[in-house]
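What follows is one structure encoded as C-alpha cells, with my remarks underneath.
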Amino acid sequence: MTNKPTVGFIGVGKMGWPMASRLAADYDLIVSDASDERVAEFVRDLGGRPASDGATLARMQDGQGGMVMAKNLQNVKYQHGHIDWSFDSGVWFDDGSKAAAAGQRALKTAMWFLGDDEDGPMVVCIDLPPNTTGHVTPAHSHASDQVRIIITGTFKIGNDWYGPGDIRFQEAGKIYGPEMTGPEGSRQILIFNKRSGVAADDRRTGRSAAAEAMVKFIAEMSKPAAA
Ligand SMILES: [Fe+2]
C-alpha cells in the first residue's frame with residue numbers, strides 16, 4: 001500500500017509517455033497500453049505498475065474512487081478524428097475498492113480534456129455504484145461552472161432528486177448539496193468550463209488532500225506534451 005493517490009493511465013506511446021512520466025514520482029501510477037512491452041519498459045524505467053496488476057487499477061486515496069486519464073486516444077479506438085465509447089466500453093476502469101475486488105460495482109471515472117487551453121473545459125464521466133449505506137457527500141462548491149447530465153439512476157442534491165435525462169447547471173463558487181446517490185447507482189456526465197475548478201471545496205473543511213492531489217494531477221496533465 002502507498003499513501004500516494006493512485007491513477008490509471010491509458011497509453012504510454014509517443015504522447016502518453018512524457019505525460020505519464022511526469023506523474024510517476026507523485027502518484028501510484030498504474031499503466032496500460034496496447035503494447036505490453038511498452039508498459040514493461042515504462043515500469044522498468046520510471047516506475048508504476050502494469051494494469052495487469054488488476055486488483056488496484058485506478059484506486060483513489062480513500063480506496064473508494066477510481067480515476068483514469070485517457071489522454072492518448074489511440075488506445076481507445078481513435079479513428080478518423082472521432083472516438084466512440086460507452087459506459088460499458090474499455091475506457092472505464094473499476095477502482096480497487098473492496099466492492100471491485102468482490103466483483104460488485106464500484107465507482108468508475110473517466111476524464112476528458114477539451115481543447116489545448118491548460119485551464120480549458122473538462123468532461124468527467126462517473127459511474128456511481130448503488131448507494132446501499134445511505135452515504136452522503138457533504139455540501140461543497142467548485143471554482144468552475146458545471147453542467148451535470150444524469151444518464152441513469154437517481155441522484156439527490158439538496159432536497160431535489162434527479163433522474164435520467166435531467167440536466168442541472170451549477171454556478172462556480174456557490175455551495176450546493178449535500179449529495180446522495182440513489183439505491184440503483186447513477187451514471188452521469190459532468191462538464192466543467194475550467195479544469196482548475198473541478199475538485200470540490202468542502203463547505204466546512206475546505207479542500208481535502210485528495211482534492212488537492214486531483215488539482216495537481218489535472219494541472220500536470222494539462223501541460224503540453226514534450227515535443
Ligand atoms: Fe460537486
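Bear in mind that the values in this text are calculations on the coordinates, not laboratory data. What you see is a predicted model, and the numbers here were worked out from it, not measured in a lab. Glycine also receives a Cβ, built like all others from the backbone with ideal geometry; neighbour counts cover every protein chain displayed.
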query = So who's got an amide H within less than 5 Å of the one on Arg49, skipping anything under 5 residues away but keeping other chains? H placed 1.01 Å off N, in plane.
reply = Leu29, Ile30, Val31
message = Report, in listed order, any pair from Lys14/Lys108; Lys194/Lys216; Lys14/Lys194 with a Cα-Cα distance greater than 23 Å.
response = Lys14/Lys108; Lys14/Lys194
message = Please list, ordered by chain and number, the residues whose modelled amide H lies under 5 Å from the amide H of Leu107; skip anything fewer than 5 residues away on the same chain.
response = Asp95
query = How much length is gained if the chain between Thr133 and Lys14 is pulled fully straight, taking 0.36 nm per residue apart and subtracting their Cα-Cα distance, in nm to one decimal?
reply = 38.5 nm
query = So for the pair Asp116, Asp26, with labels modelled 7 Å out along Cα→Cβ, what separation do we get in nm?
reply = 2.4 nm
task = Taking 7 Å along the Cα-to-C-beta vector as the label spot, tell me the Ser35-Thr205 distance in nanometres, rounded to one decimal.
result = 4.3 nm
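What number, in percent, do you get for the relative contact order of the stretch 112-227 if the mean sequence gap of Cα pairs under 8 Å and at least 6 apart is divided by its residue count?
Working: 266 pairs, mean separation 39.8, N = 116.
About 34 percent, as a whole number.
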